[in-house]
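Worksheet for the structure shown next.
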Amino acid sequence: MAQQERQIQAGLWRLFHKACADYRLLADGDHVLVGLSGGKDSLLLTELLGGQARVFKPAIRVTAVHVRVKERRYLSDTSYLERFCQKAGVPLLIRDTHIAGEEKKSPCFLCSWYRRKKLLQVAQEEGCNKIAFGHHQDDVLHTLLMNLIFEGRATSIPPILPLDKMPVSLIRPLWYIREEDIVRYAGMRDYQTQKVPCGWENQTNRRRMRDLLCEMETIHPDARSSLLHALKRQHS
């Protein structure tokens, strides 16, 4: 492994552990289900959690699940995901779901809703008490801006969210990690992401929020840190 790759990997591990420590994301006896979509973020999350599972403390188990939505054109190479998970030491489950009779709702909402419904079902079947998602710092800040602008709410994706109706918590161990660092590391590790990307990926307000955040950083270089600090105070 080249020195630059080791440095980036060390930085990712540091921020992963910081999020886990700051928000108590992992504990002894946890069985964590990773939502492995096949994108760079979920691949990194699987690699990090697989590495954490090989550490004595906290003693955790990790299982990955790849959910395929039959009505969506995006496609991942499941044979690659199987090899990736085997190398990471993480068992992989592949499950199918489908969207039925709700065409009036947005395609992004429907896809997310049915995939999450399947994840909750698999978590119950496998006895998992936590579900890990690959949302990173950019996702968190883009969601904050969207909620402020469109809904008037200063809220975003929380690092941990216990569910009311199930003994399961949703966790985001990549909460502190910037997308640009994931992109660099994924390139160095030759991650093979989705063969056919989501057709709506660049047609949502998240693209606008990405541009807005970049513009804010030209006005104030520490704008990103300030926004994240405001969110951290909510979860402290």
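Please treat every number below as a calculation from the coordinates, not as lab data. Just so it is clear, the model here is predicted, and its values are computed rather than measured. Please note: Cβ atoms are built from the backbone with ideal geometry, for glycine as well, and neighbour counts cover all protein chains shown.
Structure notes:
- Taking other residues whose beta carbon is less than 9 angstrom from the beta carbon of Leu33, and scoring Lys, Arg as +1 and Asp, Glu as -1, yields 0.
- Anisotropy class assigned to the chain is rounded, per the alpha carbon gyration tensor with a/c under the 1.5 cut-off.
- The string of couplings for region 51-67 from the Karplus curve (6.51, -1.76, 1.60, θ = phi - 60°) is x, 5, 5, 8, 8, 5, 10, x, 7, 10, 10, 10, 10, 9, 9, 10, 9 Hz, one whole number per residue in order, with x for Gly and Pro.
- The label-point distance for Asp222 and Ser112, in a model that sets each label 7 Å from Cα toward Cβ, rounds to 3.1 nm.
- The trypsin sites (Lys or Arg not before Pro) of region 1-55 meeting both criteria, a DSSP state outside H, G, I, E and B (loop) and at most 15 other C-beta atoms within 10 angstrom of the site's C-beta, are Arg24, Arg54.
- Helical contribution to [θ] at 222 nm, DSSP H n ≥ 4, -39,500 (n - 2.57), averaged over the chain, rounded to 500: -15500 deg cm²/dmol
- Mean Cβ neighbour count within 10 Å, used as a protection proxy, ranking 136-143, 90-97, 223-230, 58-65 highest first: 136-143, 58-65, 90-97, 223-230
- Segments 27-38, 167-178 sorted - mean Cβ within 10 Å per residue, highest first: 167-178, 27-38
- Rounded to 5, percent antiparallel among DSSP beta bridges of the chain: 20 percent
- Long-range HN-HN contacts of Val32 with modeled amide H, under 5 Å: Arg61, Val62, Thr63
- Restricting region 1-82 to chymotrypsin sites (Phe, Trp or Tyr not before Pro) in coil, as DSSP defines it, with at most 13 other Cβ within 10 Å: Phe56
- Structure note, pairs Lys87/Lys165; Lys165/Lys232; Lys57/Lys232: Cα-Cα distances above 31 angstrom occur for Lys87/Lys165.
- Summary value for the chain: 25 percent relative contact order, contacts being C-alpha pairs under 8 angstrom separated by 6+ residues.
- Put a plus charge on the Cβ of each Lys and Arg, a minus charge on the Cβ of each Asp and Glu, and nothing anywhere else: the dipole of the chain about its Cα centre is then about 300 debye.
- Region 41-91 - Rg and Dmax from Cα coordinates, angstrom: 12.6, 42
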